[in-house]
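Colleague: What follows is a structure written as structure tokens; I'll ask about it next.
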Amino acid sequence: MPDTTRHLTLANGLQLTLRHAPRLKRSAAALRVHAGSHDAPARWPGLAHFLEHLFFLGTARFPLDDGLMRYVQALGGQVNASTRERATDFFFEVPTNALAGGLERLCQMLAEPDLGIERQRREREVIHAEFIAWSRDPQAQQQFALLQSVSQGHPLGAFHAGNRHTLALQNPAFQQALEGFHQRYYQGGQITLSLCGPQSLDELEQLGRQHASLFATGTPVPQTLPPSLSPTRARLVFTHEQLPAGAEQALELLISCLGDNRPGTWLDALRQRGWLQSFKAEMLYNFAGQLLWRIDLQLSASANQEEADALLQGWFGFIRQADLEQINHAFGLLQRSRARSAGALELARRDSTGQPFANLDAQGLLALRALLKGLPSQAHGQWQLPPVDPLLMADVPNAPAQPLPPALKTSDVLPGTRQCAALYLRWHVPSPLRQRMQAVLEQALAPLQERCERASVQLLFSAVGEYWQLRCAGQPAAVLRAVEQALALMLMPGENCWRPYAATAPPLIPIRALLKQLPDAVLGAHPASMPACTPAQPQLDSLWQHTHWHGLATGFDDVALGALGTALQQCPGQGSLPGPLPKWARHRWQHAEVPGSEHALLLFCPLPAASEASGRLLAQLLQGPVYQRLRVELQLGYAVFSTFRQVEGVGGLLFGVQSPHTRQAQILDHLFTLLRQGITLDPGARLALAGQFDEPAMANADVAEWAWQTHLATQPGRLDELRKAILKTRQTDLDQLLGTLLDKDCPWLCLANAAAPALDWP
């Protein structure tokens with residue numbers, strides 16, 4: 001059944017957009033305030049961003065412990081906010097029955113915030129920690145320099161994030177400006193609210209009217225028009241002025257054409273020459289007919305940059321002269337595929353910005369022509385429009401069904417009726433050639449991965465320890481076609497994949513870099529020496545003969561399982577069972593060399609599989625105290641979290657902190673001090689956590705990942721049993737588990753960007 005929508009204006013001026021999507025399991029709200037950092041007084045840089053932070057600190061009606069952040073997190077949902085140049089967005093996703101509670105908290109905190117000076121002082125330090133991290137991030141600084149180069153006299157080139165020095169809390173004029181900004185913009189005439197879920201339009205409308213009426217009545221406030229963008233000589237950076245409405249949607253279509261890597265396209269021409277390393281195109285700014293966007297193109301050392309630019313201009317010229325109606329039709333198929341795979345949150349966010357998944361209307365086509373007219377073009381290269389991508393087809397491949405290999409287990413934890421399937425394949429590759437062959441396979445799979453990403457199919461090839469893993473998730477028909485192509489490429493990569501390839505991934509902030517290394521650390525894997533040889537197809541053939549694999553499939557109906565059996569006939573390696581789980585006998589401190597100067601630490605406390613229910617409840621109850629103590633009170637830094645995490649089949653408590661000023665050993669001491677204070681069982685939190693593991697309330701991706709992790713742990717994959725175990729957890733269970741974790745012999749893992757602080761850490 002297709003989605004249905006409704007648009008209306010409330011008495012207070014608020015624009016309400018509703019989407020009834022019967023296939024969804026969750027509901028979401030996205031609220032856009034049409035004012036951002038460029039609308040704040042220039043005297044107080046960061047004021048709009050600062051106000052966004054203050055909203056989440058609780059109100060008289062909903063204090064911090066019961067505010068939107070804690071409410072959504074306790075339900076296993078998603079919540080966040082973003083301050084952009086001309087808009088501020090707030091959004092969350094929760095189980096359907098919790099939409100009313102989330103919406104009430106969201107509207108209340110925005111309409112009636114508590115702007116007390118003490119909470120301002122505390123949150124300013126968080127903003128300052130963000131500023132320090134931003135100032136030390138090379139990518140952020142490069143983008144800031146780029147914005148400054150095209151925006152002399154334009155607010156894009158100014159500093160808007162805020163820090164300890166720009167947010168002058170003690171100045172009455174600042175406090176007046178803060179209050180004034182809230183009163184001027186956080187009123188009905190400035191707000192668009194989007195609600196999305198499986199509820200009927202009438203039910204969604206009732207919720208919207210009930211809670212959005214809390215905003216004061218108002219009218220749209222005209223936003224000051226910016227000065228012209230400055231011409232730029234920066235390569236692959238494009239500026240446009242006086243574009244008609246619909247430019248952002250037109251750019252989305254153009255970027256989809258640029259990102260198409262099939263034969264006959266620009267990216268394919270670069271790859272055939274062996275020049276392409278990575279491609280990304282993104283919009284940087286869009287307002288009042290102005291558009292700024294860029295292409296991030298990484299080429300090999302052997303590439304001819306001038307020829308690459310000429311090919312791009314040739315592709316621009318080809319698109320300009322092509323049948324735009326035909327291109328728009330293909331774009332519509334792509335958008336429909338994306339809409340089928342999108343969750344409630346993504347749909348709500350796109351509705352709140354006026355950009356639902358759809359092809360361009362007449363106005364959008366007009367904007368596309370204007371956009372193309374402003375781009376450099378020439379007659380260069382041989383081009384063609386590719387046919388419809390098979391990944392966009394909704395029907396299961398028509399092939400004789402084959403039985404599933406014994407090494408593949410199936411799980412009904414995700415019903416086939418969800419129209420979302422996931423397949424996990426894992427190979428044990430003990431050969432020392434593993435690392436060299438990994439680079440070959442990554443090159444072979446890269447074009448397919450890019451196509452999958454365009455079609456909202458997740459295709460991920462990863463390596464952990466001595467294992468290779470392939471994960472594919474999305475619409476069942478698309479997964480089947482993607483996996484069939486992926487296995488063929490892994491068996492026989494193309495000739496261009498055997499060339500030496502030295503791709504450099506963009507640096508991550510320290511805490512994210514540690515998270516990336518966590519699976520290897522849990523397995524106890526250490527970097528192995530690379531064998532000195534040139535990889536070739538015979539070596540890969542031999543390697544596959546000595547590998548063993550197993551896998552898991554979920555979300556496929558009977559017809560799709562038959563087609564999957566056919567696709568897996570070419571799965572390389574010998575079938576097997578999951579290997580033993582990693583174990584270690586005592587505390588481990590592992591020093592990880594990661595970029596970045598800030599102090600970062602992950603503490604992972606593994607638990608026996610039988611303790612998963614009590615461990616998850618303990619982690620849930622610790623979230624609030626950890627956040628309150630480490631981030632709010634101690635101001636350790638912006639990145640502070642605690643959760644339950646399954647890593648390589650091992651479940652446990654995971655704590656993470658990144659701090660600009662507090663060292664790793666001190667962070668650890670703060671965590672231990674907090675844990676020693678104990679925790680009190682909250683029956684309401686227990687009930688809410690159990691509800692998170694009801695399959696209809698879980699995101700499909702979370703269901704599939706839980707099934708895979710329990711498969712690796714060789715445990716029964718029964719969500720109902722986990723739910724029952726959570727409900728049976730008592731205070732004594734929590735106390736006992738916490739006591740075990742605090743025992744000096746408990747096998748913790750500390751992964752940090754610093755050496756061990758004491759001798760008792762090996």
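Every read-out reported here was derived from the displayed coordinates using simple, explicitly stated rules and does not represent laboratory data. As the structure is a computational prediction, the values presented were derived from the model and not from experiment. FYI the Cβ positions are ideal-geometry reconstructions off the backbone, even for glycines, and counts take in every protein chain you see.
Colleague: Exceeding 30 Å between C-alpha atoms, which entries from my cross-link table qualify? They are Lys409/Lys744; Lys25/Lys280; Lys280/Lys409; Lys25/Lys583; Lys409/Lys724; Lys516/Lys724.
Modeller: Numbers: Lys409/Lys744 39 Å; Lys25/Lys280 32 Å; Lys280/Lys409 37 Å; Lys25/Lys583 37 Å; Lys409/Lys724 24 Å; Lys516/Lys724 32 Å.
Beyond 30 Å: Lys409/Lys744; Lys25/Lys280; Lys280/Lys409; Lys25/Lys583; Lys516/Lys724.
Colleague: Rounded to the nearest 500 deg cm²/dmol, what is the calculated helix-only ellipticity per residue at 222 nm for the chain, with -39500 (n - 2.57) per DSSP H run of length n ≥ 4? Kindly include the intermediate steps, with their values, before the conclusion.
Modeller: Values: 24 runs with 304 residues, N = 762.
Helices in the chain give a 222 nm mean residue ellipticity of -12500 deg cm²/dmol.
Colleague: Run the simple label-point estimate for Ile117 and Ser82 please: 7 Å along Cα→C-beta, distance reported in nm.
Modeller: The two pseudo-label positions are separated by 3.6 nm.
Colleague: Give, as a single signed number, the net charge of other residues whose beta carbon lies under 13 Å from the beta carbon of Val457, with Lys and Arg counted +1 and Asp and Glu -1. Numbers along the way, then the final one.
Modeller: Values: positive: Arg338, Arg340, Arg451, Arg454, Arg471, Arg481; negative: Asp389, Glu450, Glu453, Glu484.
Local net charge: +2.
Colleague: Just to be sure I understand: of the beta bridges DSSP finds with both ends in the chain, what percent are antiparallel, rounded to 5?
Modeller: Working: 83 of 99 bridges.
The antiparallel fraction comes to roughly 85 percent.
Colleague: Still on this model: Please report the relative contact order for the range 1-111, taking Cα pairs under 8 Å with a sequence separation of at least 6, and give it as a percent rounded to a whole number.
Modeller: Values: 162 pairs, mean separation 31.4, N = 111.
Relative CO of the range 1-111 lands at 28 percent.
Colleague: How high is the relative contact order of the chain? Use alpha-carbon pairs under 8 Å, at least six apart in sequence, and give a whole percent. Intermediate results must be reported in sequence, preceding the final value.
Modeller: Working: 1412 pairs, mean separation 102.4, N = 762.
Reported relative contact order: 13 percent.
Colleague: Highest mean first, how do 184-195, 224-235 rank when packing is the count of other Cβ atoms within 10 Å averaged over residues? Spell out each step's value before the answer.
Modeller: Numbers: 184-195: 22.9, 224-235: 12.8.
Per-residue mean Cβ counts within 10 Å order the peptides as 184-195, 224-235.
Colleague: Moving on to the next point. Test of the criteria: in the range 528-593, which chymotrypsin sites (Phe, Trp or Tyr not before Pro) are in a DSSP loop and have at most 15 other Cβ atoms within 10 angstrom of their Cβ? Please list the in-between numbers first.
Modeller: Values: sites: Trp544, Trp549, Phe556, Trp584, Trp589; in loops: Phe556, Trp584.
Hits after loop and neighbour filter: Trp584.
Colleague: Separate question: How much net charge surrounds Asp260 when only the other residues with a Cβ under 11 Å from the Cβ of Asp260 are counted, with Lys and Arg +1 and Asp and Glu -1?
Modeller: 0
Colleague: Students often get this wrong, so try it: which of [x] 38, 37, 28; [y] 47, 33, 23; [z] 53, 45, 21 is semi-axes √(5λ) of the Cα gyration tensor in Å as calculated from the structure shown?
Modeller: [x]
Colleague: At His7 and Ala399, where each label point lies 7 Å from the Cα along Cα→Cβ, what is the point-to-point distance in nanometres?
Modeller: 4.4
Colleague: Then there's this: Sort 508-519, 17-28 by the packing proxy (mean of other Cβ within 10 Å over each peptide's residues), most packed first. Could you put the intermediate results ahead of the total?
Modeller: On the way: 508-519: 19.2, 17-28: 22.4.
Most protected by this proxy first, the peptides run 17-28, 508-519.
Colleague: Here is a follow-up. Could you give the length gained on full extension between Ala301 and Ala610, defined as 0.36 nm per residue of separation minus the Cα-Cα distance, in nm?
Modeller: Values: separation 309, 0.36 × 309 = 111.24 nm, distance 5.29 nm.
Extra length from Ala301 to Ala610 when fully extended: 105.9 nm.
Colleague: What length, rounded to one decimal in nm, is gained on full extension from Ala701 through to Arg136, with 0.36 nm per residue of separation minus their alpha-carbon distance? It would help to have the intermediate numbers written out before the result.
Modeller: On the way: separation 565, 0.36 × 565 = 203.40 nm, distance 3.34 nm.
Result: 200.1 nm gained on full extension.
Colleague: Going by Cα centres, the range 698-714 and the range 540-603 are how many Å apart?
Modeller: The two parts, judged by their Cα centres, are 13 Å apart.
Colleague: Tally Lys/Arg at +1 and Asp/Glu at -1 over every other residue whose Cβ is under 10 Å from the Cβ of Ser352; what's the total? Present the calculation step by step, with values, prior to reporting the outcome.
Modeller: Values: positive: Arg32, Arg349, Arg350; negative: Asp89, Asp351.
After counting each charged neighbour, the total is +1.
Colleague: When only Cα pairs under 8 Å and 6 or more residues apart are kept, what is the percent relative contact order across the range 269-352? Walk me through the numbers before you get to the answer.
Modeller: On the way: 50 pairs, mean separation 16.9, N = 84.
This gives 20 percent for the range 269-352.
Colleague: Can I ask one more? Simple spin-label model, 7 Å along Cα-to-Cβ: Asp309 to Ala379 in nm?
Modeller: With each label point 7 Å from Cα toward Cβ, the separation is 2.2 nm.
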